[in-house]
Each structure stands twice: as C-alpha cells, then as structure tokens.
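The values are calculated or read from the model by the stated rules, or taken from the named source; none is laboratory data. Predicted model, so just to flag it, every value in this text is computed and none were measured. A quick note on method: Cβ atoms are made from the backbone with ideal geometry, for glycine too, and the neighbour counts reach across all protein chains shown. Just so you know, the surface numbers come from the protein's heavy atoms only, side chains and all, with ligands and any DNA or RNA stripped out. Shrake-Rupley method; radii C 1.70, N 1.55, O 1.52, S 1.80 Å.
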Amino acid sequence: LERQLLMQNQMRERQAAMQIAWTREFLKYFGTFFGLAAVGLTTGAIKKKNPVVLLPIVPLSFIFAYQYDMGYGTMLQRIKGEAENILETQSALLELPKGQLTYEDLEKIRRAQSKIYIEK
C-alpha cells in the first residue's frame, strides 16, 4: 500500500510539473503575441489619433497576467490554500450524489450490465 501511495504521489507531481511547464511554454508564445499586438495597436492609435484602437489590449493583458501568475506567480499556492480550506470547512460540497459508492452498489451495476449483455 505504501508503494502504491508513493507511486500515485509521484504521478501527481509529474502531472503537475507538466502542467506548469506547459503554462510556461504557452506564456512564451502568448507573451510574444501580446508584445507585438501592444506595439501594433499603440502605433495604430498614434497614427489614427484614436485611443479606442488600444481597447483590445485590456482583455489581452488580463489573459497575459493570468498565464504569468499561473506559470511563475503564486496562483498555485493560492489554489492549494483554497482547496485546503474547502476540505477543512466545506467538506459537504465534496460529497457525491447518492453518497459514496459501495461494493454492493458495484455488484448491482455489474449484475445489471451482465444481464443486458446476456439478453443481447
């Protein structure tokens, strides 16, 4: 059982590392796009003398900030803290519909499915 727990934890850590690495890689491409878009939109706003042209920078900056916080900031620590808070104070939110699955429930489902396959 201890080996299984260690293996599951290793897999969880590797998946989390892959997600963080993916976010950081995405941030490189999106950061480049955001920088080029900001320069282009600023240039267009100056040439046209119309500041409305800069409007797309607002949602793009929110996306950029989110990705940066996810890849290099403290978002993961905040998410972990909130998850711990939910586990400690709001565990009722985590209950499954119709309660936890039991061995008897699984056997009922298995028998019902085997009858369906036999009838076919």
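Which number in (1) open to solvent by 80 Å² or more (accessible area, probe 1.4 Å); (2) outside any helix (DSSP H, G or I) marks the one condition that G99 misses?
(1)
Filter the range 34-69 down to the residues that are of a type in the set (D, E, K, R) and closer than 30 Å to I20 by Cβ and list them by number.
Once the filter is applied, which keeps residues that are of a type in the set (D, E, K, R) and closer than 30 Å to I20 by Cβ, the range 34-69 yields only D69.
Please identify the pairs in which a residue from the range 22-43 that is within 16 Å of G71 (Cβ to Cβ) has its Cβ atom under 9 Å from the Cβ atom of a residue that is assigned to a helix (DSSP H, G or I) and open to solvent by 70 Å² or more (accessible area, probe 1.4 Å), counting only partners at least 6 apart or on another chain.
Cβ pairs passing all conditions: T23/Y72; R24/Y72; L27/Y68; L27/Y72; F30/I63; G31/Y68; F34/I63.
Within the range 70-84, which residues are open to solvent by less than 60 Å² (accessible area, probe 1.4 Å) and more than 19 Å from W22 (Cβ to Cβ)?
G81, A83
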